[in-house]
Amino acid sequence: AQRVTQPEKLLSVFKGAPVELKCNYSYSGSPELFWYVQYSRQRLQLLLRHISRESIKGFTADLNKGETSFHLKKPFAQEEDSAMYYCALSVGGFKTIFGAGTRLFVKA
Amino acid sequence: EAEVAQSPRYKITEKSQAVAFWCDPISGHATLYWYRQILGQGPELLVQFQDESVVDDSQLPKDRFSAERLKGVDSTLKIQPAELGDSAMYLCATRRSTSGGSSYEQYFGPGTRLTVT
């Protein structure tokens, strides 16, 4: 069965510290993975996609097929990064399965 | 910038009543999704449309939920009768197409928060 697991419900770091939000997936096919973000009082929006291999707002995520992981990383957290982050798996190019989300809180 | 619109934003209803939600997609977006998000969880797909056709409704509780997308534009999700466990955020998302280029990104609406009492 396809599944996305985000083991941390809440992650709290100090401003300037590195941050890593964990995501593990279960899928027998070729995965297409995304990170979505929801800032306070805003809509859920795409942050980045593994295929594009780009850095958005200083965040990067590398797909590790051996560990079936797609962790989101940023070397120096900023207060404006505080938000809810969802890892998502696209199956067959259609259906998207979301993890339960991790709330990131960046302290001043 | 075009956005997905949803209404109402909030809905309080008594159990056993009927309730309906409306979604207006970004113009030209052929794929439309309805998700349910229970507090503390991620969005869960209820139904997916490609134009006016249902592509996936395997997770839609069909005894009480129905969805339609007449003319392949706006869409309505209905619950009848509502149950206490239906209290959740209902999200609509749309996507430009199913293949090619930047069509993979889903654009989400603000959601409708349903409370069943």
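Scanning the stretch A:62-90 for residues that are within 14 Å of another protein chain (Cβ to nearest Cβ), under 14 Å from A:His50 (Cα atoms) and either surrounded by fewer than 20 Cβ atoms within 10 Å (Cβ to Cβ) or without any contact (Cβ under 8 Å) to a residue 24 or more places away in the chain (or both) turns up just one, A:Ser90. In the set A:Glu32, A:Glu8, A:Glu80, A:Glu20, only one residue is within 30 Å of B:Gln6 (Cα to Cα), modelled with pLDDT of 95 or more and acidic (Asp, Glu); that residue is A:Glu80.
Of all residues in the stretch B:34-88, those satisfying the criterion of being in contact with a Gly (Cβ under 9 Å, 6 or more places away or on another chain) and of a type in the set (D, E, K, R) are B:Asp51, B:Glu52.
Scanning the stretch A:51-61 for residues that are open to solvent by 30 Å² or more (accessible area, probe 1.4 Å) and not charged (D, E, K, R), which turns out nearest to the chain's Cα centre (by Cα)? Here the residue is A:Thr60. For A:Phe14, the conditions (1) modelled with pLDDT of 95 or more; (2) open to solvent by less than 60 Å² (accessible area, probe 1.4 Å) are fulfilled apart from (2).
Within the stretch A:21-50, how many residues turn out to be closer than 14 Å to A:Ser69 by Cα and either within 11 Å of chain B (Cβ to nearest Cβ) or surrounded by 14 or more Cβ atoms within 10 Å (Cβ to Cβ) (or both)? Adding up the residues that qualify gives 13. Filtering the stretch B:22-68 to residues that are among the acidic types (Asp, Glu) and on the phi < 0 side of the Ramachandran plot leaves B:Asp24, B:Glu44, B:Glu52, B:Asp56, B:Asp57, B:Asp63, B:Glu68. Being more than 17 Å from B:Pro43 (Cα to Cα) and in contact with a Lys or Arg (Cβ under 8 Å, 6 or more places away or on another chain) is the requirement here; does A:His50 meet it? So A:His50 fails the test.
Counted as qualifying within the stretch A:8-50 are the strands (runs of 3 or more DSSP E) with 1 or more residues that are of a type in the set (Lys, Arg) and closer than 13 Å to A:Ala88 by Cβ, namely A:45-49. For the stretch B:34-117, the strands (runs of 3 or more DSSP E) that sit wholly inside it and include 3 or more residues that are closer than 28 Å to A:Arg49 by Cα, open to solvent by less than 10 Å² (accessible area, probe 1.4 Å) and within 14 Å of chain A (Cβ to nearest Cβ) are B:44-50, B:88-95.
The values are calculated or read from the model by the stated rules, or taken from the named source; none is laboratory data. None of the values given here were measured: they were computed from a predicted structure. Cβ: placed from backbone, ideal geometry, glycine included. Neighbour counts: every protein chain shown. These area figures cover heavy atoms from the full protein model, side chains too; ligands, DNA and RNA do not enter into them. Shrake-Rupley method; radii C 1.70, N 1.55, O 1.52, S 1.80 Å.
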